[in-house]
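Participant: Sharing a structure here in structure tokens format.
Nothing in this text is a laboratory measurement; each read-out follows from the coordinates by a stated rule. Keep in mind that this is a model prediction, so the values were computed, not measured. Because the Cβ atoms are built from the backbone with ideal geometry, glycine has one as well, and the counts that use them run over all protein chains shown.
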Amino acid sequence: MSAALLISDLGVSFGETTVLSGVNAEIRAGEFIGVFGPNGAGKTTLMRCLLGTLRPSQGTISIFGQGPVKASREIGYMPQGNVGFESTALSARALVHAAWRGEKWGVPWSTRESRAEVDRVLEITQASTYADRPFSVLSGGERQRVMLAQALLGQPKMLVLDEPLASLDPKNQALLIECIAEVKRAMNATILFVAHDMNPLLHVMDRVFYIAGGGALLGNIDQVVNSESLSHLYKFPIDVVRAHDRVFIVSREGNVTEAACCD
Ligand SMILES: Nc1ncnc2c1ncn2[C@@H]1O[C@H](COP(=O)(O)OP(=O)(O)O)[C@@H](O)[C@H]1O
Ligand SMILES: [Mg+2]
């Protein structure tokens, strides 16, 4: 069986600046991959390459045996940060419906089939009860569950989730993670979950994809999240501290606070 995702010798440069180089990865269908690394490491850049919205400068990407642009129909995507709907009067349900129709704005034309699909994804993310309220009045946690719902439209084989936990409190983080873990179980979806802190994901992820210093390392948590591997990746000394089933990544020189998985 071919890999869900195969990345070979990937490199991305913007002008003179090289963000990523020599990135390799092979991810199996149904794996839950936690993607970590400091701000500016290139996590979003890599995700955009997978979605086909950014062309790598070097190397190849194969997703279910296809190039990124064709494969993008198989990928559900939650972009990083706010999505520009903060002041919309449209209901959450209308926004999800519009995403299904491939439209961003306007009143979507609906069919029984499209309404059923929207109901299905809102049910999975436990967003049905507030889906008819304007998106703008929803809490951060509610909005993220609506954004997850739109990513689930059409039963994608892969989910690319770019920092969906940012700005959520621990309770809403846990709820979102459980929804995603349930989707993985129910649909055998392949999950790429970008997060700043790996601790909330320790119990659900299968492997870690760590991006830092222009490179990346994919493996089991013990293989990747240790002082030797991360110091090699960062190109300076890193300590990994484990306490009370939590992981903390700290620089001996105190200069990678952003890299830390601590909160
Ligand atoms: N379109 C672009 N043009 C120039 N530089 C970019 C562009 N997109 C991203 N970058 C740069 O690439 C680096 C990685 O960015 P990004 O992938 O967003 O990091 P992360 O998601 O890991 O925080 C940053 O230094 C960013 O400024
Ligand atoms: Mg990012």
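Participant: Stick to Cα atoms and the Kirkwood definition of Rh, then tell me Rg/Rh for segment 184-230. Numbers along the way, then the final one.
Facilitator: Numbers: Rg = 11.7 Å, Rh = 11.8 Å.
Here Rg/Rh amounts to 0.99.
Participant: Please arrange ARG145, ARG93 by how many other C-beta atoms lie within 10 Å of their C-beta, fewest to most. Let's see the in-between values first.
Facilitator: Working: ARG145 25, ARG93 22.
Lowest to highest Cβ neighbour count: ARG93, ARG145.
Participant: I'd like to know which of LEU230, CYS179, GLN155 lies farthest towards the positive end of the charge dipole of segment 114-263, counting +1 on Cβ of Lys and Arg and -1 on Cβ of Asp and Glu.
Facilitator: The residue sitting farthest along the positive end of the dipole is GLN155.
Participant: Calculate the FRET efficiency for SER227 and GLU113 from the Cβ-Cβ distance with a Förster distance of 45 Å, rounded to the nearest 0.05. Each step should come with its number before you reach the end.
Facilitator: Numbers: r = 53 Å, r/R0 = 1.18.
My answer for the efficiency is 0.25.
Participant: How high is the relative contact order of the chain? Use alpha-carbon pairs under 8 Å, at least six apart in sequence, and give a whole percent. If you can, show how the numbers build up before the last one.
Facilitator: Details: 496 pairs, mean separation 60.7, N = 263.
So the answer I get is 23 percent.
Participant: Kindly put PHE209, PHE236, PHE14 in sequence by how many other C-beta atoms sit within 10 Å of each C-beta, fewest to most. Can you show the working numbers first?
Facilitator: Details: PHE209 26, PHE236 14, PHE14 10.
Fewest-to-most Cβ neighbours within 10 Å comes out as PHE14, PHE236, PHE209.
Participant: Cα convex hull of segment 1-124: mean projected area in nm², to one decimal?
Facilitator: If I average the Cα hull's projected area over directions, I get 9.9 nm².
Participant: What does the charge count around GLY34 come to, taking other residues whose C-beta lies under 9 Å from its C-beta (Lys +1, Arg +1, Asp -1, Glu -1)? Don't skip to the answer; put the middle values down first.
Facilitator: Numbers: positive: ARG207; negative: ASP206.
Computed value for this residue: 0.
Participant: Give me the extension gain from GLU182 to ASN24: residue separation times 0.36 nm, minus the current Cα-Cα distance, reported in nm with one decimal.
Facilitator: That works out to 54.1 nm of additional length.
Participant: Taking just the alpha carbons, could you work out the radius of gyration and Dmax for the chain, both in angstroms?
Facilitator: 18.6, 59
Participant: How much mean residue ellipticity at 222 nm does the chain get from its helices, if each DSSP H run of length 4 or more adds -39500 (n - 2.57) and you divide by all residues, to the nearest 500 deg cm²/dmol? List each step's numbers first, then the result.
Facilitator: Details: 8 runs with 78 residues, N = 263.
The helix-only estimate for the chain comes to -8500 deg cm²/dmol at 222 nm.
Participant: For labels at ASN39 and LEU54 in the simple 7 Å Cα→Cβ model, what's the distance in nm?
Facilitator: Calculated label separation equals 1.7 nm.
Participant: While we're looking at this one, here's another question. Only bridges with both residues in the chain count here: give the DSSP antiparallel percent, nearest 5. Don't skip to the answer; put the middle values down first.
Facilitator: Working: 25 of 42 bridges.
Roughly 60 percent of the DSSP beta bridges within the chain come out antiparallel.
Participant: Moving on. Looking at HIS97, VAL240, ASN24, which one has the Cα that reaches farthest to the positive end of the dipole of the chain (charges on Cβ: Lys, Arg +1; Asp, Glu -1)?
Facilitator: HIS97
Participant: Based on other C-beta atoms within 10 Å, arrange ILE27, ILE63 from fewest to most.
Facilitator: Ranked by crowding around the Cβ, least crowded first: ILE27, ILE63.
Participant: In the chain, once you exclude exposed GluC sites (Glu not before Pro) (DSSP loop, at most 11 other Cβ within 10 angstrom), what's the longest stretch remaining?
Facilitator: Longest site-free region, per DSSP loop and neighbour criteria: 87-252.
Participant: Of VAL194, VAL224, VAL146, which is the most mobile in a GNM of the chain whose springs link Cα atoms less than 10 angstrom apart?
Facilitator: VAL224
Participant: Next question, about the same structure. If the chain between VAL137 and LYS171 were fully stretched, how many nm would it gain, using 0.36 nm times the residue separation less the Cα-Cα distance? The partial results should precede the final answer.
Facilitator: Numbers: separation 34, 0.36 × 34 = 12.24 nm, distance 1.94 nm.
Difference between extended and current length: 10.3 nm.
Participant: Right, here's the next one. Across segment 5-259, how many lysine pairs, 8 or more positions apart or on different chains, have C-alpha atoms separated by under 21 Å? Please give the number.
Facilitator: On the way: LYS43/LYS157; LYS43/LYS235; LYS70/LYS104; LYS70/LYS157; LYS157/LYS184; LYS171/LYS184.
Counting lysine pairs in segment 5-259 gives 6.
Participant: Is there a quick way to get the dipole size of the chain? I mean about its Cα centre, with the Cβ of Lys and Arg at +1 and of Asp and Glu at -1; what is the value in debye to the nearest 20? The partial results should precede the final answer.
Facilitator: Working: 24 positive and 27 negative charges, 141 e Å.
Charge dipole, the chain, about its Cα centre: 680 debye, nearest 20.
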